[in-house]
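A quick write-up on the structure given underneath.
Please treat every number below as a calculation from the coordinates, not as lab data. Every value quoted in this text rests on a predicted model; they were computed, and no experiment measured them. For neighbour counting, all protein chains shown are included, and Cβ atoms are generated from backbone atoms with ideal geometry for every residue, glycine included.
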Amino acid sequence: MEKVKCCGVLWVEGLREACCLHRVVILCLRSKNLLMRTGQCFLLNGFIFLGSIFVLNSVVIPALWWILPDQCSQLVSHKLCALGGTLKFYSFLRLALIQLFYGLWFYPLYVFSIVLSTLWYNDIAKYGYAAMGRSKFTVDKVSSQNNTPIMQNAIQAKRPSGLEGVMIGIGEQVYSILLLSVFFLEVYATGFIPFIGKVLNFLLLSWMYAYYCFEYKWNFNEVALDRRLDYFQSYWPFFAGFGSPCVLAIFFFSPLVSYGIMAILFPLFVLTATGSEADQEISFERSKWRPAGVERLPIFYVSNNVSMWILSLLPLEKQDRTQDRKAQ
């Protein structure tokens, strides 16, 4: 019961951190670039993308059903109804026009939105991090109050300098992309499990979006990948709570509508994570990370093993060193 209580407290804390959307307003007021990028994201994904879906469902499709009806009583000339293939032809024509609308507008807009929004998310996180540095949320304030000079030197020395440090950073990025891609496939597969599939899918999606939200901040803080994953899997109830509002907003909609809503909400949660101080002890000693009563949950166990297996098939040099660094 003590462990359950501790997990519940961390989950509620994560949910509370995700709902602190006032940080978005504060950070946007401090940075015009951030306000502009956030507004562009809302304009593209909210007004244009979701607006197009609304126009399709409210105007285009009803108009096609009026022009190309599926019942004889709705036809202008009843002679057309005598022709056996008329209604079938109308049905085929309606479907073809709708698919043409999707092929010429929605799918290109969907791809364009993904590419452009991904670039904008990075800008939003960068401008938000800079605005946070000028505000009272700054990470340096917390770090200076809690880290001793010895600990600060240890944090700064966590990655080698020079070419070796650059290569390690590139390797971490490649591994991170592969790990999260495999984890996404794992999330997708859980949706087909009977009975408990939806629950597992919701939980894994919450973790995935929470990790994405905090990853921008951890990249700017240059937190090593192994420390991120260890911290994330140690405080798994907190991140499950943080990601749950984001998933709840899209869980009951169609895929296209869900994407549009997510594309609008995701920058807000990224800024909320950027302004959060709940994860500051990620830079502290490992012994201080562990929350009392909560066991480390190997969330990325399957994706880690699959990723390492994929990397083992590649002719990479110094593979043993990479495996030792990435293995959890």
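When the expected Rg is taken as 2.2 N^0.38 Å, what fraction or multiple of it is the alpha-carbon Rg of the range 170-247?
Against the compact-globule rule of thumb, the ratio is 1.13.
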The range 245-278: chymotrypsin sites (Phe, Trp or Tyr not before Pro) falling in loop per DSSP and having at most 11 other Cβ within 10 Å: Phe252
Segment Phe54-Val302, extension gain: residue separation times 0.36 nm, minus the distance between their alpha carbons: 85.3 nm
Residues in the range 17-54, backbone N under 12 Å from the label point at Ala249 (7 Å along the Cα-to-beta-carbon vector): list them, ranges by number please. 18-22, 24, 42, 46
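Let me check I have the definition right: for the range 29-72, take the eigenvalues of the Cα gyration tensor, multiply each by 5, take square roots. What are those semi-axes in whole Å, largest first?
Taking √(5λ) for each eigenvalue gives 39, 5, 5 Å, largest first.
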